[in-house]
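Colleague: Here it is, the structure, as structure tokens.
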Amino acid sequence: MDRVAKWQLAHPNHELYQWHNAAFFAGIFAAYETTGSTELMNAMMDMGEKNQWKPGPRFDHADDIAIGQTYIDLFRIKNDRKMIQPLIDTIDRIKTEPGEQAKTHGITWWWCDALFMGPPTLVKLARTTRDSSYLDLNDKLFRETYDLLYDKQEHLYAGRDIFDRCQR
């Protein structure tokens, strides 16, 4: 686990805020919890600093807030508000401002992968800040995605390609 993490950290191939790294750093945090590795902690802190603790540029896109999962986990250890404030500001925008995703697709989380990206971020933020409005937002956005993409007969979520075909 340690060798693989070090190799991947040495060979990045996506912007640090992108969903690929959000998933990767969620794993790095779990590895840190298991090993207590200073090197892994430093890698996460370096990532946060390089991102200026900001989500990606698309404020309403679940892929771009997913990196916030690691910011929140680090905040719980370091207790430095700068680690989560940009994420809070972004999520608060989602609560009050219609974003490009909703304007273009009719809902904010219009693809099933968003359910890995968005809900863990919002739930962790709610638990950490003790602000239930993030749970309310999560429930609203999750329900929209579920209603659009979940096939109750097949018990599966439709992928992005199915949604795209339905929109044509």
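Colleague: Nothing charged except the Cβ atoms of Lys and Arg (+1) and of Asp and Glu (-1): what's the magnitude of the dipole of the chain about its Cα centre? Round to the nearest 20 debye.
Modeller: On the way: 21 positive and 25 negative charges, 46 e Å.
So the magnitude is around 220 debye.
Colleague: Normalised by the residues of segment 2-167, what does the relative contact order come to in percent, with Cα pairs under 8 Å and at least six apart?
Modeller: Details: 189 pairs, mean separation 29.9, N = 166.
It rounds to 18 percent for segment 2-167.
Colleague: Report, by chain and number, residues whose modeled amide H sits under 5 Å from the one on Tyr150, excluding near sequence neighbours (fewer than 5 apart, same chain).
Modeller: Close amide H contacts, sequence-distant or interchain: Ala158.
Colleague: Restricting to DSSP H runs of at least four residues, report the calculated mean residue ellipticity at 222 nm for the chain, -39500 (n - 2.57) per run over all residues, nearest 500 deg cm²/dmol. Intermediate results must be reported in sequence, preceding the final value.
Modeller: Values: 10 runs with 113 residues, N = 168.
Calculated from helices alone, the mean residue ellipticity at 222 nm is -20500 deg cm²/dmol.
Colleague: What residue among Leu9, Ile72, Gly27 has its Cα farthest toward the positive end of the dipole of segment 2-167, where the charges are +1 on Lys, Arg and -1 on Asp, Glu, each on the Cβ?
Modeller: It is Ile72.
Colleague: Sticking with this structure for a sec: P(r) for the chain, please, calculated from all Cα pair distances in 5 Å bins and given in %.
Modeller: Spelled out per bin, shortest first, that is 1, 9, 18, 20, 18, 14, 10, 7, 2, 0, 0.
Colleague: How much length, in nm to one decimal, is gained on full extension between Asp139 and Ala30, taken as 0.36 nm per residue of separation minus their Cα-Cα distance?
Modeller: Details: separation 109, 0.36 × 109 = 39.24 nm, distance 2.56 nm.
Going from the current span to full extension adds 36.7 nm.
Colleague: Kindly write out, for segment 97-107 in residue order, the coupling ³J(HN,Hα) from the Karplus curve 6.51 cos²θ - 1.76 cosθ + 1.60 (θ = phi - 60°), rounded to whole Hz, with x marking Gly and Pro.
Modeller: Listing the rounded values in order: 10, x, x, 4, 4, 5, 5, 7, 10, x, 9 Hz.
Colleague: How far is helix 38-50 tilted, in degrees, relative to the longest principal axis of the Cα atoms in the chain, given as a value from 0 to 90 rounded to the nearest 10?
Modeller: 60 degrees
Colleague: Starting from the alpha-carbon convex hull of segment 65-121, give the projected area averaged over all orientations, in nm².
Modeller: 4.0 nm²
Colleague: Something else about it: Taking a quarter of the surface of the convex hull around the Cα atoms of segment 1-74, what do you get in nm²? Don't skip to the end; give the middle numbers.
Modeller: On the way: hull surface 17.5 nm².
The orientation-averaged projected area of the Cα hull of segment 1-74 comes to 4.4 nm².
Colleague: As I understand it, the value is the acute angle between the Cα axis of helix 19-35 and the longest principal axis of the Cα atoms of the chain; what does it come to in degrees, rounded to 10?
Modeller: 40 degrees
Colleague: Still on this structure, please answer the following. Count the lysine pairs in segment 2-167 whose Cα atoms lie under 24 Å apart, taking only pairs 8 or more positions apart in sequence or on different chains.
Modeller: Lysine pairs, 8 or more places apart or on different chains, close enough: 21.
Colleague: Rounded to the nearest 10 degrees, what's the angle between the helix 85-96 long axis and the longest principal axis of the chain, both from Cα atoms, 0 to 90?
Modeller: Helix 85-96 sits at roughly 10 degrees to that axis.
FYI, it's all coordinate maths here, none of it is from the lab. Note that this is a predicted model, so its numbers are computed, not measured. Glycine also receives a Cβ, built like all others from the backbone with ideal geometry; neighbour counts cover every protein chain displayed.
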